1. Quick check for you: with a 1.4 Å probe and neighbouring chains kept, what is the accessible area per residue of segment 95-255, in Å²?
2. At a probe radius of 1.4 Å, what is the per-residue accessible area of ILE49, in Å² to the nearest 10?
3. Starting from the Cα of ALA65, step 7 Å along the direction of its Cβ; do the same at SER203; then give the gap between the two resulting points in nm.
4. Which length gain, in nm to one decimal place, applies between THR37 and ASP19 when the Cα-Cα distance is subtracted from 0.36 nm times their residue separation?
5. Using the C-alpha atoms of segment 95-255, what convex hull volume per residue, in cubic angstrom, is computed?
6. Just to verify a number: FRET efficiency for VAL83 and THR142, C-beta to C-beta distance, R0 = 22 Å, to 0.05?
7. With the Cα gyration tensor of the chain in hand, convert its eigenvalues to equivalent ellipsoid semi-axes via √(5λ) and list them largest first in whole Å.
8. Please provide three numbers in whole Å: the alpha-carbon extents of segment 21-97 along the principal axes, with the largest listed first.
Amino acid sequence: MHVNESRLVNGDESPAQADIQAVRRVGQVLRLFGPDTGALTAAEVADRIGLNRTTAHRYCVSLVAAGLLDRGPQGGAFVPGAVLLQLGAFALRRQEVMRLAPPHMQRLASHTHLTAVLSLWGSSGPIVSRVEEDTTGDVLLTVRVGTQLTLETAQAQVFLAYRRDQLQVDRLLGNLAAADQTRIRGQIEAIRRSGVAVLRSASRGITAIAVPVFNEYGICATVALLGISALVSAEERSPQLLALRAAGDALTAELGGTPPPLDAGPPPVHHRL
């Protein structure tokens, strides 16, 4: 990618200063995207970071050429690109949980005959970082590694329930309509009481159940099972939920984490997380 920043900033800046400015602007553009901001027009980019619209459009087009953004399904919109998703997933894989998770997830998918999904927290929401599929059934549901999950998903709400940075949680929820905030806060409280999130999509006929994984600093990942609703049981003693809880507990133990007691309320602020 090449952006001729010297044409976009004051002419008295040196080429080195212009390059630094270009990198900073690219970072500003990419940070605008998140679980609740999946697509933006160049005009919206311009308004949010204080660029003129022509300059913002040049940046967006250059980022498309670099694979960091893609053209959105609606005219004039831009969405995160394949390279950006790939780099994000690669960076997340460096975490210890990614080294320990594969055998647990493989057993989970094989035992439950459902799709097992591991997600880690990105800059503003969970990112799907590993997927294990059971290919023995007639129906296979999957999700792409690198997908950023919205606040409506089971794994996102498990993270929100246990994130130590509750100020960030409040900021994320503050972007939603009042009714949606109230509903999701109620779901978060239910997760703290039970230790599991269960979300069913009646329109799509899909159910996801998710549990947290903790390291010494707090929640570091979530593990979920995804499947056709008719094949997923979230009853307290169901084999699928028991297997999911066992996988989460085993990973937590290997990472040296300690799950908070149920009904513990929001976790205390911990600045190392």
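1. Details: 7050 Å² over 161 residues.
Value returned for segment 95-255: 44 Å² of accessible area per residue.
2. Accessible surface of ILE49 is approximately 30 Å².
3. 3.8 nm
4. 3.8 nm
5. Numbers: hull volume 17.8 nm³, N = 161.
In segment 95-255, the Cα convex hull volume per residue is 111 Å³.
6. On the way: r = 21 Å, r/R0 = 0.96.
It comes to 0.55.
7. Each semi-axis is the square root of five times an eigenvalue, giving 37, 20, 18 Å.
8. 42, 30, 23
The values are calculated or read from the model by the stated rules, or taken from the named source; none is laboratory data. Computed from a predicted structure; not experimentally measured. Ideal geometry is used to build each Cβ from the backbone, glycine not excepted, and the neighbour counts take in all protein chains shown. Heavy atoms of the whole protein, side chains included, go into the accessibility calculation; ligands, DNA and RNA do not. Shrake-Rupley method; radii C 1.70, N 1.55, O 1.52, S 1.80 Å.
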